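The values are calculated or read from the model by the stated rules, or taken from the named source; none is laboratory data. All values reported here derive from a predicted model rather than from experimental measurement. Glycine also receives a Cβ, built like all others from the backbone with ideal geometry; neighbour counts cover every protein chain displayed. We work out accessible area using only protein heavy atoms, side chains counted, and drop any ligands, DNA or RNA first. Shrake-Rupley method; radii C 1.70, N 1.55, O 1.52, S 1.80 Å.
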Amino acid sequence: MRHLAIYDMDKTITRDATWTRFLLASARGRAPWRLALYPIAGLAALGYLLKLTDRAGLKRFTQRLMLGAALSEAEMEQLAEDFADAEATHGVLHGARERVAADRAAGYTLVMATASHGYYAAAIARRLDFDAVVATRAKRDGQGRILPDLDGDNCYGPAKLRMILDWMDQERIERTGAYIRAYSDHVSDAPLLGWADEGFAVNAHGPLKVLAAEKGWPMLDWR
């Protein structure tokens, strides 16, 4: 029997959402003049709220706006490592660290499953000794440069569960031979929490609190 502990990242492990902060920190370090474009990103976020674009489209637009049309692998790796250093030092919740350590000690394989881009989520996961990362992937051009476009689905909502299942298939982990815990702060992860043997609502926002009460999912507060 394999034991898996699957963790969302933003506002579950980290105190705050990471995407905007990653873009701002990276623009500041790479091309500070792009910070003047940030209000345009705010307008794009308003477009998302008005359902004029989806989350994947918002990611594409804001990455191109703040980081440019393409970055070399080395450039992106440096930005990701710098951001992960700061996030691991200042942004990771103490309660999350304790639970991760407890699951590791209990023999669970630790999996981070996040809508955040894998290029920086993986860097944060390494600092917390996770075993695997399932995340949104970025397309690359013929020179291996990282583009704003996504390679596959945005790892969010039902797509996150599909991507976890794909990862399990690649790792030859059968669902019937696995005991699974899942942790998330957001109702978008209801498919994952319901599929797991143990689903935990962590630092839950209002809609997830309501659903967790209906489903009997334990609620944890790591803030």
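Some points to look at:
- Each of Thr89, Leu220, Gly29 was placed along the dipole of the chain (beta-carbon charges, centred on the mean Cα), and the one lying farthest toward the positive end is Gly29.
- Dividing the mean sequence gap of close Cα pairs (under 8 Å, 6+ apart) by how many residues segment 131-182 holds gives a relative contact order of 27 percent.
- Spatial offset of segment 185-223 relative to segment 139-153 amounts to 33 Å, using the alpha carbon center of each.
- Bridge orientation summary for the chain: considering DSSP beta bridges with both residues in this region, about 15 percent are antiparallel.
- Rg over Rh for segment 112-223 works out to 1.00, using Cα positions for both radii and the Kirkwood form for Rh.
- Linear extension gain, Arg126 paired with Gln143, 0.36 nm per residue minus alpha-carbon span: 3.5 nm
- Inter-centroid distance (Cα atoms) of segment 1-68 relative to segment 167-181, Å: 30 Å
- With the whole protein complex present, Glu174 retains an accessible surface near 130 Å², based on a 1.4 Å probe.
- The stretch between Leu43 and Ala31, if pulled fully straight at 0.36 nm per residue, gains 2.2 nm over its current Cα-Cα span.
- Using a probe radius of 1.4 angstrom, the carbon and sulfur fraction of the accessible surface of segment 113-223 is 46%.
- Heavy-atom surface of the chain, accessible at 1.4 Å and reported per residue (Å²): 49 Å²
- Contact order relative to length of the chain, as percent, for alpha carbon pairs under 8 angstrom and 6 or more apart: 24 percent
- FRET efficiency for Asp151 and Thr53, using Cβ-Cβ distance with R0 set to 22 Å, rounded to 0.05: 0.75
- The angle between the Cα long axis of helix 55-67 and the longest principal axis of the Cα atoms of the chain comes to about 40 degrees, rounded to the nearest 10.
- On Cα atoms only, tilt of 206-215 relative to the major axis of the chain in degrees: 20 degrees
- When the residues Thr136, Thr89 are ordered by accessible surface, computed with a 1.4 Å probe over the protein chains alone, the sequence from largest down reads Thr89, Thr136.
- Rounded Å value of the spacing that divides the Cα centres of segment 120-135 and segment 76-97: 10 Å
- Between 0 and 90 degrees, the angle of helix 73-90 with respect to the longest Cα principal axis of the chain falls at about 50 degrees.
- Modelled FRET efficiency - R0 45 Å, His90 with Glu214, Cβ distances, 0.05 increments: 0.80
- Potential extension, Glu73-Thr20 segment - 0.36 nm per residue separation minus Cα distance: 17.1 nm
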